[in-house]
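Just so it is clear, none of the values below were taken in a lab; they were calculated from the coordinates. Note that the structure is a prediction, hence the values are computed from the model and not measured. Backbone-built Cβ (ideal geometry, glycine too); neighbour counts: all protein chains shown.
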Amino acid sequence: MGVSSGVSKAAAIVGAAESNEIGYPEAPRTSLELHMEAIKNVSNQTGIPISAIDGVFSAGMSSEIAEHLGLHPKYIDTTSVGGCSFEIHVHHALLAIYAGVIDVALVTHGENGWSARRIGRGGGGGYGGGGASSPSAQMSMPYGLSGAPSNYSHAMVRHNHVYGSTPEDFAHVAVVTREWATLNPRAVMHSKETHEFGGPITVDDVNNARMISWPLTMLHCCLVTDHGGAVLIARPEIARSIKTNPVWIAGAGENMSHSNMLEMGDFTATSAFASSQAAYEMAGLGPRDMELALLYDSFTITPALTAEMVGLAPRGKGHLLWKEGHAAPGGRLPMNTNGGGLSFNHSGMYGMQLLVEAYRQLSRTAEDGVNGIRGKQTSARTCVVNGTGGSLSTTGTLVLVSDD
Amino acid sequence: MAYNKPIPTPSSLTQPFFDGAKEGKLMLPRCQDCNRVHWYPRHICPFCHSDSIGWIEGSGEGRVHTFAVQYRAFGGWGQEAPFVTAYIDLNEGDRMLTVLRGVDANDPGSIRIGSRVRVEFEQASEDISIAFWRVVEE
C-alpha cells in the first residue's frame, strides 16, 4: 500500500533562489559561500527568517550548513546520491512536514564545479561510491573510464541499437535546449556576450564538436559551472500566510536501479519509470496532465530517455519531442525552459537548478528571476520534474502544481 | 614496457578472481543456493541473498552488450585514446566492463553489439593480471 493520499499537497515550495553569482565567476567561490548566498536570498524572498527553519536537507553538508546558520534542526537529511538528491530531499521534506515533525524545510545546494579547478571544493561535494576498495570499483577502475560522459555514451549506443535512433536524433535535444538558453540571460550559453561559444547552435554544430566519448561530442554534454540554490518548503498554513506564491508538491517519488553502471540491467531504461509512477499516483495526475517538463539533462541521452520513462513519449521515441519541436519555445510541451544543464548551468549536481526553474515557472515569477534578471515565463500550471543521479542510477520525480 | 594504467588492489572478497586471472582463468562468483553467477563479487547473493558464495571457472566467452569510444582519458589510458570500452554479457549470466580488443576505435560503425568475445589477461604487475575481452570470429 502506498503513502496515504493525504500527503499530496501537504506542503508547498514557497520560495526558490540562487546565489548572487552562478556560472563562471571571475573570483573563485567556495561551495559553502554559494550555499549561504542562496539561503540568504530565499529567506529575503519569502520573508521567512532563517531561524524558522527546522529541517535541513542538503547533499552531504547538512550538519556543516546547520552549524554555520546557528540552527538546531529537528530533521537532518544529508542524502547524497548524485544530481537527483534535491528532488529526493523535497520528497523527504514533504513526508516530514506531513508527519508533523517540522514546519519549514530548507533544501540547499552549493557547488563550485568551475571554481574548484582553482581552489578545490571548499566543503561538501561528491557522493557515495564505496571508494577504491569496493568490489565494483576494483572491477571498473582498470578500464580507463573518466567520469560521467564515458559512461552515458554506452547508454546512447544501446538506445541506437535497440530502437534505431541515431546520435543526430539526440543532437536536436542540444539545439532546442540552447534555444531556451538564448531566452535566459542568466544562462552561460545565452549569447556571444555571455560566452564566446554562446547563442544559437545547429545540429551540424553538435555533430562536428570535439568528440568526448563517441557518440557524445562536447555539445551532447553538460556544462561544468558554479551554482548555489536554495528552496524553502512549508506546511499549508505557513505557505498561505507569506508574501510569495506557493507551488504545491502534489506528488513525489524516488527509486534507483543501480549504483555502478555494471548493474544497469537495461541500458535504455532508468528508475524514473518507478519514481514517476509513485509521484503520479500520489498526485492523482498522469503524464498527459503535465504542461511543463524539467528533466535532468546531463547529456542529450538523459532527458530523452527520461521522457520515455516518465510517460511523455513512447519507448524509443523520447528524442522526437525535441526533434519535432514539441519541447521548443512555442511547442506543446515546453521542456528545460531555463536552458538546461546543457546550456544554462550544471555544477555537477543539477537537481537544484531544476527546482529553482520549476518554482519560478509555476509561481509566475520566471520573468523576475532573482535580482531582477528575467527568465522565460510559460503558461504551465503543472510540471513534472525528474532528477537523475550517478550513471543513470538514481532518480527523484516531483509533480508540482501552481496555486491557481 | 611496464604496465602504466590503473591496477586494482584486491580485497579478501575479490582475491579469488585475481588468483584465477594470474593463472589465465576467468573465475566467477556463483551462489551455492540459487546457482546464479553474479558480477561484481558480493558478500551476499544479489538474487537470493544467500551468504553462501562459491567460485567457478567461467567459459571466458560472452557477447558485446554495448560499447563506446573514449577520446578523453587520463594517465596511461590517455596515451591510448581513442579506445573502445564495452559491457560484456557473460555466457554464464550478468555483465562485465572491459576495454574491447580486436576492434577499430576509429571506425565505430564497424563494431557490432552482439559480437562474440573471448577473455584474455594482461599481466599488469607481479600479482595482478587484468581481464580484457577480444572480438572473435563468429
(message) Only Cα pairs within less than 10 Å get springs; with that Gaussian network setup on chain A, which residue of A:348, A:389, A:331 has the largest fluctuation?
(response) A:331
(request) Could you grab the Rg to Rh ratio for the range A:225-341? Cα atoms only, Kirkwood for Rh. (result) 1.00
(message) Give the average over all directions of the projected area of the C-alpha convex hull of the range A:280-399, one decimal, in nm².
(response) 7.2 nm²
(request) Quick one: give the max-minus-min coordinate of the C-alpha atoms of the range B:51-136 along each principal axis, largest first, in Å. (result) 43, 33, 23
(request) For the range B:15-135, calculate the relative contact order in percent as a whole number, restricting contacts to Cα pairs under 8 Å that are 6 or more residues apart. (result) 24 percent
(request) May I ask what percent, to the nearest 5, of DSSP beta bridges between residues of the range B:15-135 are antiparallel? (result) 95 percent
(request) State, as an integer percentage, the relative contact order of the range A:224-331 based on alpha-carbon contacts under 8 Å between residues 6 or more apart. (result) 19 percent
(request) For chain A, evaluate the Debye formula with one uniform point scatterer on each Cα (no solvent term) and list log10 I(q)/I(0) at q = 0.09, 0.10, 0.11, 0.13 Å⁻¹, rounded to two decimals. (result) -0.46, -0.58, -0.71, -1.03
(request) Please turn the phi angles of the range B:101-114 into ³J(HN,Hα) values with the Karplus equation 6.51 cos²θ - 1.76 cosθ + 1.60 (θ = phi - 60°), one per residue in order, whole Hz, x for glycine and proline. (result) 10, x, 10, 9, 4, 7, 9, x, x, 8, 8, 10, 4, x
(message) If I fit a long axis through the Cα atoms of helix A:167-181 and take the longest principal axis of the Cα atoms of chain A, what angle between them do I get, 0 to 90°, rounded to 10?
(response) 40 degrees
(request) Determine the percent antiparallel among the DSSP beta bridges restricted to chain A, to the nearest 5. (result) 80 percent
(request) Would you calculate, for chain A, the mean residue ellipticity at 222 nm contributed by helices, counting each DSSP H stretch of 4 or more residues as -39,500 (n - 2.57) and dividing by all residues, to the nearest 500? (result) -9000 deg cm²/dmol
(message) Which one, A:306, A:270, A:79, has the greatest fluctuation when you compute a Gaussian network model over chain A with C-alpha springs under 10 angstrom?
(response) A:79
(message) Take residue B:134 and residue B:50, extend 7 Å from each Cα along the Cα→Cβ direction, and tell me the distance between the two endpoints in nm.
(response) 3.6 nm
(request) Starting from the Cα of residue A:192, draw a straight line to each of the lysines and keep only those under 26 Å, dropping any in the same chain fewer than 8 residues away. (result) A:323, A:376
(request) Pairs of Cα atoms under 8 Å, at least six residues apart: use those to get the relative contact order of chain A, whole percent. (result) 25 percent
(message) For the range A:1-86, which trypsin sites (Lys or Arg not before Pro) pass both filters: DSSP loop (anything but H, G, I, E, B) and at most 14 other C-beta atoms within 10 Å?
(response) A:74
(message) Using a 10 Å cut-off around each Cβ of peptide A:261-268, what is the average number of partner chain Cβ atoms that fall inside?
(response) 3
(message) Can you compute 3J(HN,Hα) from phi for each residue in the range A:101-108, using the Karplus curve 6.51 cos²θ - 1.76 cosθ + 1.60 with θ = phi - 60°, rounded to whole Hz and x for Gly and Pro?
(response) 6, 9, 10, 10, 9, 9, 10, 9
(request) Could you list B:45, A:383, B:34, A:84 in order of exposure, starting from the residue whose Cβ has the fewest other Cβ atoms within 10 Å? (result) B:34, B:45, A:383, A:84
(message) Restricting everything to alpha-carbon atoms, can you work out Rg to Rh for the range A:179-292 with a Kirkwood hydrodynamic radius?
(response) 1.06
(request) Go through the range B:7-111 and name the GluC sites (Glu not before Pro) that are in a DSSP coil and have 14 or fewer other Cβ atoms within 10 Å of their Cβ. (result) B:23
(message) I need the phi-derived Karplus couplings for the range A:148-156: 6.51 cos²θ - 1.76 cosθ + 1.60, θ = phi - 60°, integer Hz, Gly and Pro marked x.
(response) 4, x, 5, 8, 5, 4, 4, 6, 5
(message) Restricting things to Cα coordinates, could you compute the convex hull volume per residue of the range A:35-171 in Å³?
(response) 198 Å³
(message) Please compute the average number of Cβ atoms from other chains found within 10 Å of each residue's Cβ in peptide B:60-71.
(response) 6
(request) In a Gaussian network model over chain A where Cα atoms closer than 10 Å are linked, find which of A:109, A:227, A:258 has the largest mean-square fluctuation. (result) A:258
